[in-house]
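The values are calculated or read from the model by the stated rules, or taken from the named source; none is laboratory data. A quick note: this is a predicted structure, and the numbers were derived from the prediction, not measured. Virtual Cβ from ideal backbone geometry, glycine too; neighbours counted across all protein chains shown.
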Amino acid sequence: MSLDFSFYNWGIISNYILKGLYFSLILTVVATAGGILFGTLLALMRLSGWKPLTISATIYVNGMRSIPLVMVLLWFFLLVPFLIGRPVGAETAAVVTFIAFEAAYFSEIMRAGIQSIPRGQVFAGQAMGMTYGQNMRLVILPQAFRNMLPVLLTQTIILFQDTSLVYAIGANDLLKGFEVAGTNLGRPVESYLLATVSYLVVCFALSYLVKRLHRKIAIIR
């Protein structure tokens with residue numbers, strides 16, 4: 001069998017590949033933003049010291065981290081329409097599922113970041129008359145975000161790779177774009193090879209940028 005990539009032209013790329021890439025990138029950005037937001041709330045709940053909040057957040061985080069993402073996707077996509085009595089679009093299911101799932105992972109990252117801040121800074125904020133909320137918002141969380149930024153970005157790269165799982169529910173992501181293009185033109189092998197190369201290039205470039213950022217942060221410290 002000989003490989004032939006000549007069938008790929010601008011029309012194929014724009015109609016299939018770029019549309020899929022656009023959705024994959026949007027899903028990554030939205031899931032990262034939502035995951036960090038809810039993950040930070042979960043981290044604060046676990047560190048609150050109030051047992052109902054701590055136990056609830058711990059059950060959620062450990063539960064989500066113990067289930068494969070593709071299973072959560074399928075459950076939401078197949079079971080939620082049955083419960084609410086109307087269908088849920090594949091794109092909507094992907095966004096909601098990714099935010100809920102990634103929040104558990106970002107929660108652990110942010111919890112480690114908050115715990116990495118010396119207690120002396122907490123006491124200094126309290127000595128200045130800051131409330132717990134002000135101390136967290138103005139002193140602790142900004143430093144925690146800076147400390148954990150390389151790890152947060154690394155998790156975002158993993159998230160981008162995981163967006164290929166929405167293929168299982170028929171969402172039009174980057175992998176789906178390659179698959180549809182290759183199937184319609186009878187060249188599936190070449191399409192999957194190009195999809196692999198595309199993910200490799202994007203993730204390698206992002207990993208390189210994260211590594212450089214980590215070095216800069218280390219110098220600032």
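Give the residues of the range 36-67 that are of a type in the set (S, T, Y) and within 19 Å of the chain's Cα centre (by Cα), sorted by residue number. Talk me through it step by step, then tell me what you get.
If we filter the range 36-67 for residues that are of a type in the set (S, T, Y), which is where we start, we get 40, 48, 54, 56, 58, 60, 66.
Hits for the range 36-67 are T40, Y60, S66.
For the range 26-50, how many residues are assigned to a helix (DSSP H, G or I), without any contact (Cβ under 8 Å) to a residue 40 or more places away in the chain and either small (G, A, S) or over 23 Å from A144 (Cβ atoms) (or both)?
Counting residues in the range 26-50 that are assigned to a helix (DSSP H, G or I), without any contact (Cβ under 8 Å) to a residue 40 or more places away in the chain and either small (G, A, S) or over 23 Å from A144 (Cβ atoms) (or both) gives 2.
Given the options V72, V61, V80, name the one that is touching a Phe, Trp or Tyr at 6+ places or on another chain (Cβ under 8 Å) and either farther than 13 Å from I169 by Cα or not basic (K, R) (or both).
Numbers: V61 fails: touching a Phe, Trp or Tyr at 6+ places or on another chain (Cβ under 8 Å); V80 fails: touching a Phe, Trp or Tyr at 6+ places or on another chain (Cβ under 8 Å).
It is V72.
Of everything in the range 60-115, what is loosely packed, with under 14 Cβ neighbours inside 10 Å and among the polar types (S, T, N, Q)? Give them in sequence order.
Hits for the range 60-115 are N62, S66, Q115.
Only one of R119, R46, R65 is of a type in the set (K, R), touching a helix residue (DSSP H, G or I) at 6+ places or on another chain (Cβ under 8 Å) and either more than 26 Å from I26 (Cα to Cα) or modelled with pLDDT under 90 (or both); which? Before you say what the answer is, go through the steps one by one.
Details: R119 fails: touching a helix residue (DSSP H, G or I) at 6+ places or on another chain (Cβ under 8 Å); R65 fails: either more than 26 Å from I26 (Cα to Cα) or modelled with pLDDT under 90 (or both).
Residue meeting the stated conditions: R46.
Quick one: which of L153, L175 is in a helix (DSSP H, G or I), closer than 20 Å to V70 by Cα and modelled with pLDDT under 95?
On the way: L153 fails: closer than 20 Å to V70 by Cα.
So the residue among L153, L175 that is in a helix (DSSP H, G or I), closer than 20 Å to V70 by Cα and modelled with pLDDT under 95 is L175.
For the range 1-46, give me the residue count where each residue is buried (at least 17 other Cβ atoms within 10 Å of the Cβ) and farther than 26 Å from S164 by Cβ.
Going through the range 1-46 one residue at a time, the tally reaches 5.
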